[in-house]
Every structure is written in C-alpha cells, then in structure tokens.
Amino acid sequence: GDSVTQMEGPVTLSEEAFLTINCTYTATGYPSLFWYVQYPGEGLQLLLKATKADDKGSNKGFEATYRKETTSFHLEKGSVQVSDSAVYFCALREPSGTYKYIFGTGTRLKVLA
Amino acid sequence: GAVVSQHPSWVICKSGTSVKIECRSLDFQATTMFWYRQFPKQSLMLMATSNEGSKATYEQGVEKDKFLINHASLTLSTLTVTSAHPEDSSFYICSARTQLGGKNEAFFGQGTRLTVV
C-alpha cells in the first residue's frame, strides 16, 4: 500500500541554520503531497502542498518540491527561527478521491536561540 | 481559514468506562470527517471515514464496536471509545473535508489526548 517515510528526529538546530527534513513516498498513481506542522498542544496545520510533479509548495519561508523521479518531497528552510520549533509531518493524499491521507512518523524540530 | 474544533482536548477516564470525543467544523459544512489515532512517536493512523448521515467506514484492524462513530450533522462527528482500556490511551485527532471557495482540503482539529487508568 501507499506509505510515507520521513527522517527520524529530533532535529536540533541553532537559530538561522539551514533546515532539511527528508521525506520519500510510495504510491500508485499521482498523489498530492503535503507538509503539516504541529505546534505544542495544537492540532495539525497545513504548511504547504504540491499536487503534481515538479510543483513547488512554499509558505513562511519553507519550501518543498514534488520530485516524481525520486519520489521525494523534502522540506527546506534557509534560516530557521525559535518559533519554528514543532513537529513536522509529511503526508500524501491518495488520488483515488477518497481523501485518505497517509502520514509519515513526524520529525520533531527544536531550534535553539 | 476553516476551523475544526475538537472537544475535549484531554480526558482521563477509568478503565471500563466510555468516552465521547466531539469534532465540529465551526465555519463550514463537512460532508466527510476522518478520525485518526496517534501512538507515541508514531504517525497518525486513519481509523475511519465518516460521511454525514451514513455509517462510518473503518480501516482494517479497527474495531467498529469499540470505536463508535456518529456523523449526524454536517458540522459534527463524534467518536465514542467504549469500555476503554489502558491500551486505548492515545492521541485522537479528527479532520473535516471542505470544498469551500473552490479549495479541496481537509482541516484538522487540535486533537484529544485520552488516558485510561
């Protein structure tokens, strides 16, 4: 079945460091890809998404490119802030129309001042 | 953006009792709601898909008699954990699908942490 593999955390960075969180997927067809963020005590918030190959999603300085050839959707940010500390989930939505999401295990990011 | 509210945010209950968790879409109608479960250090796993006015569709391995889902209106779905046991302790999160403004997205609640003692 479809699956999402995400790098394990936690990831600890200093403020203004470069961030990469790797995500690869296995899917039949052409899924949509998402990054969600979960701040402490809160629900999931959509960070960015891409719906087809070579699309780049971006938001709040984060970006990720849908790479069909490598089945990847790595999350990057050029300069992280303390406020970016959270858990980041990579997910795919199956193209079947069922609206079923498959999530990765989540990566906890801690940014130190 | 669309808001999904989940209640309660956390609950502690005694083993053998039942717990109801509510999921409300506050500013949109959700024809479909989804219930997920998250074990510590693991990902969210889809438990069931709930369509308004019809029976929920459960994922393989999820006991439908234990996790009762009701989606009686376009803005409310409830998950009842019946005869809860410590192994049911987990983080439960719902999402609601909307097609507002041409967007086709699912919005998530803040989750409910259930602890069964």
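At 7 Å along Cα-to-Cβ for each site, give me the label-to-label distance between B:SER15 and A:THR71 in nm.
4.2 nm
Please state the equivalent ellipsoid semi-axes for the protein assembly as shown: what are the square roots of 5 times the Cα gyration tensor eigenvalues, largest first, in whole Å?
Each semi-axis is the square root of five times an eigenvalue, giving 29, 21, 16 Å.
Of the residues B:CYS13, B:CYS23, B:CYS94, which exhibits the maximal mean-square fluctuation in a Gaussian network model of chain B defined by a 10 Å Cα contact cut-off?
Judging by the Gaussian network model, the answer is B:CYS13.
Could you work out the mean count of beta carbons from other protein chains within 10 Å of each residue's beta carbon in B:108-116? Intermediate results must be reported in sequence, preceding the final value.
Values: counts 8, 3, 7, 5, 1, 1, 0, 0, 0.
For this peptide, the per-residue mean of nearby foreign Cβ atoms is 3.
Farthest toward the dipole's positive end in region A:1-110, which of A:GLY61, A:THR51, A:LEU13, given Cβ charges of +1 (Lys, Arg) and -1 (Asp, Glu) about the Cα centre?
Positive-most Cα among the choices belongs to A:THR51.
Determine which residues of region B:38-59 fall in the zone a paramagnetic label at B:SER73 would reach in this model, i.e. backbone nitrogen under 17 Å from the point 7 Å along Cα→Cβ.
Hits in region B:38-59 for B:SER73 at 17 Å: B:51-54.
What fraction of the DSSP beta bridges in chain B is antiparallel, stated in percent and rounded to the nearest 5?
Numbers: 38 of 42 bridges.
Expressed as a percentage, antiparallel bridges in chain B total about 90.
Report the charge-dipole magnitude of region B:1-103 in Debye, nearest 20, computed about the Cα centre from +1 at each Lys and Arg Cβ and -1 at each Asp and Glu Cβ.
It comes to approximately 100 debye.
Please give the FRET efficiency for A:VAL82 paired with A:GLN45, using the beta carbon to beta carbon distance and R0 = 30 Å, rounded to the nearest 0.05.
So, using R0 = 30 Å, E works out to roughly 0.95.
Hey, could you get me the Stokes-Einstein D for chain A, Kirkwood radius over alpha-carbon pairs, 10 °C and 1.306 mPa s, rounded to whole µm² s⁻¹?
So the translational diffusion coefficient is about 113 µm²/s.
Can you list the lysines whose alpha carbon is less than 26 Å from that of A:LYS77, not counting same-chain residues fewer than 8 positions off?
A:LYS77 reaches A:LYS49, A:LYS52, A:LYS56, A:LYS60, A:LYS68, A:LYS110, B:LYS41, B:LYS103.
Considering the Cα positions of region B:8-76, please state its Rg to one decimal place and its Dmax as a whole number of Å.
13.0, 36
Compute all pairwise cysteine Cβ distances in the protein assembly as shown, then list the cysteines with no distance under 4.7 Å to another cysteine.
B:CYS13
Sort B:75-86, A:8-19 for me by packing, meaning the mean count of neighbouring Cβ atoms within 10 Å per residue, highest on top.
By packing density, highest mean first, the sequence is B:75-86, A:8-19.
Quote the charge dipole size of the protein assembly as shown about the Cα centre in Debye, to the nearest 20; the model charges only the Cβ of Lys and Arg (+1) and of Asp and Glu (-1).
280 debye
Let me check I have the definition right: for chain B, take the eigenvalues of the Cα gyration tensor, multiply each by 5, take square roots. What are those semi-axes in whole Å, largest first?
Working: eigenvalues 112, 40, 32 Å².
Largest first, chain B gives 24, 14, 13 Å.
Any read-out appearing in this document is the output of simple, stated calculations on the displayed coordinates, not a laboratory observation. These figures come from a predicted structure and were not determined experimentally. Note that each Cβ is placed from the backbone with ideal geometry, even for glycine, and that neighbours are counted across all protein chains shown.
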